[in-house]
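Notes follow the structure.
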Amino acid sequence: MNDSLALFRQAASNPRQLARRVIKNPRLLEKVMEGLDTETALVRFGCAKALRVLSETRPDLLYPRFNFFVRLLDHPNKIFQWEAARALSHLARVDTEDKFAAIFDKYFAPIGGPVMITAATVIRGGARIAAAKPHLADLIAVEVLKVDRARYQSRECRNVAIGHAILALGDFFELLEHPAPALRFVRKQIRNSRPATRKKAEEFLKGVGSRGKTAQA
């Protein structure tokens with residue numbers, strides 16, 4: 001019990017250090033996962049952050065727990081949903097059993113709304129998944145482009161999400177076999193009412209260079 005208390009105190013104070021401890025002693029992983037059910041918010045969110053750090057640095061340690069993170073996508077706490085989406089996007093790098101195929105639709109469903117932060121988290125996760133699984137790049141782009149018809153809390157939220165979509169598409173544009181839909185989407189955002197989103201669109205179009213000019217749009 002004392003070991004658990006010490007671990008939870010570390011989760012609350014230094015999640016990254018806790019993640020390093022788990023790397024040295026993977027048997028602690030179970031306790032960190034249990035920490036998401038504790039009553040203390042700092043501990044819960046500290047454990048969630050430690051798991052995300054582990055997904056970034058040692059996804060192989062978490063891969064056997066893939067379904068644990070899938071279940072978190074439906075957690076009533078939005079922060080846990082976001083951390084799960086981030087973690088799963090990193091686990092795609094070690095998805096030797098192609099587990100992601102079974103949750104593809106579920107993972108990208110939040111892009112349609114209504115929560116902008118959830119949508120943005122999934123959109124950015126999509127870029128990481130495309131990098132890990134290039135054969136899915138065009139299918140992921142189709143999902144990301146659904147932001148154009150999404151319904152969030154406000155029009156401005158949608159414009160923010162579109163900005164995230166532009167950045168994500170830029171991250172894996174070179175992997176697309178059919179880049180024209182992405183180009184059409186980004187070119188339309190040159191007239192977006194949000195200045196930051198317009199700037200992202202302009203930078204994207206400059207960055208794609210000759211491929212953007214030669215692609216049929």
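Values quoted throughout were computed directly from the atomic coordinates according to the rules given, and no laboratory measurement underlies them. Bear in mind the structure is a predicted one, so any value in this text is a computation, not a measurement. When we count neighbours, we look across all protein chains shown, and the Cβ atoms used for this are built from the backbone with ideal geometry, even at glycine.
Can you check how the C-alpha radius of gyration of the range 100-172 compares to 2.2 N^0.38 Å, as a plain ratio? Write down the numbers at each step before the final one.
Numbers: Rg = 11.2 Å, N = 73, 2.2 N^0.38 = 11.2 Å.
That works out to 1.00 for the range 100-172.
On the principal axes of its Cα set, how long, how wide and how thick is the range 1-106? Give whole Å, largest value first.
On the principal axes, the range 1-106 reaches 40, 30, 19 Å in Cα extent.
Rounded to whole Hz and in sequence order, give me ³J(HN,Hα) for the range 176-188 from the Karplus expression 6.51 cos²θ - 1.76 cosθ + 1.60, θ = phi - 60°, writing x for Gly and Pro.
So the Karplus estimates, Gly and Pro as x, are 7, 7, 10, x, 4, x, 5, 5, 4, 4, 5, 4, 5 Hz.
Under 19 Å between alpha carbons, and skipping anything fewer than 8 positions from LYS24 in its own chain: which aspartates and glutamates qualify?
ASP3, GLU34, GLU56, ASP60
Residue by residue, what Karplus-based ³J(HN,Hα) values in Hz, rounded to whole numbers, does the range 190-203 have, using 6.51, -1.76 and 1.60 with θ = phi - 60° and x for Gly and Pro?
Along the range 190-203, the couplings run 4, 9, 4, 6, 8, x, 5, 6, 4, 5, 4, 5, 4, 5 Hz.
Can you work out ³J(HN,Hα) from phi for every residue in the range 24-38, in order, using Karplus 6.51 cos²θ - 1.76 cosθ + 1.60 and θ = phi - 60°, giving whole Hz and x for Gly and Pro?
Values per residue, Gly and Pro as x: 6, 9, x, 5, 6, 4, 4, 5, 5, 5, 5, x, 5, 9, 6 Hz.
Report the charge-dipole magnitude of the range 63-117 in Debye, nearest 20, computed about the Cα centre from +1 at each Lys and Arg Cβ and -1 at each Asp and Glu Cβ. Could you put the intermediate results ahead of the total?
Values: 7 positive and 6 negative charges, 33 e Å.
So the dipole magnitude of the range 63-117 works out to roughly 160 debye.
When only C-alpha pairs under 8 Å and at least 6 residues apart count, what is the relative contact order of the range 1-153, in percent? Each step should come with its number before you reach the end.
Details: 186 pairs, mean separation 25.9, N = 153.
RCO, the range 1-153: 17 percent.
Could you tell me which of the pairs LYS49/LYS99; LYS133/LYS188; LYS99/LYS188; LYS31/LYS200; LYS49/LYS188; LYS49/LYS206 are separated by over 30 angstrom between their Cα atoms in the structure shown? Intermediate values should be presented prior to the final figure.
On the way: LYS49/LYS99 23 Å; LYS133/LYS188 28 Å; LYS99/LYS188 35 Å; LYS31/LYS200 42 Å; LYS49/LYS188 36 Å; LYS49/LYS206 35 Å.
Listed pairs above 30 Å: LYS99/LYS188; LYS31/LYS200; LYS49/LYS188; LYS49/LYS206.
May I ask you to order 58-65, 190-197, 78-85 by the average number of other C-beta atoms within 10 Å around their residues, highest value first?
The peptides rank, most packed first, as 78-85, 58-65, 190-197.
Treating only the Cβ atoms of Lys and Arg (+1) and Asp and Glu (-1) as charged, compute the dipole magnitude of the range 1-98 about its Cα centre; round to the nearest 20 debye.
Numbers: 16 positive and 12 negative charges, 95 e Å.
Approximately 460 debye in magnitude.
Take the Cα coordinates of the chain, assign each an equal point scatterer, and use the Debye formula without solvent to give log10 I(q)/I(0) at q = 0.13 Å⁻¹.
Taken in order of the listed q values, log10 I(q)/I(0) reads -0.76.
Distance between the C-alpha centers of the range 58-75 and the range 139-166? Whole Å please.
Taking the Cα centre of the range 139-166 as reference, the centre of the range 58-75 is 25 Å away.
Kindly provide log₁₀ I(q)/I(0) values, in the same order as q = 0.18, 0.28 Å⁻¹, from the Debye equation applied to equal alpha-carbon scatterers of the range 30-81.
Log10 I(q)/I(0), no solvent term: -0.54, -1.27.
Picking from VAL43, ALA119, ALA130, whose Cα lies most toward the positive end of the charge dipole for the chain (charges on Cβ: Lys, Arg +1; Asp, Glu -1)?
Result: ALA119, furthest along the dipole toward the positive end.
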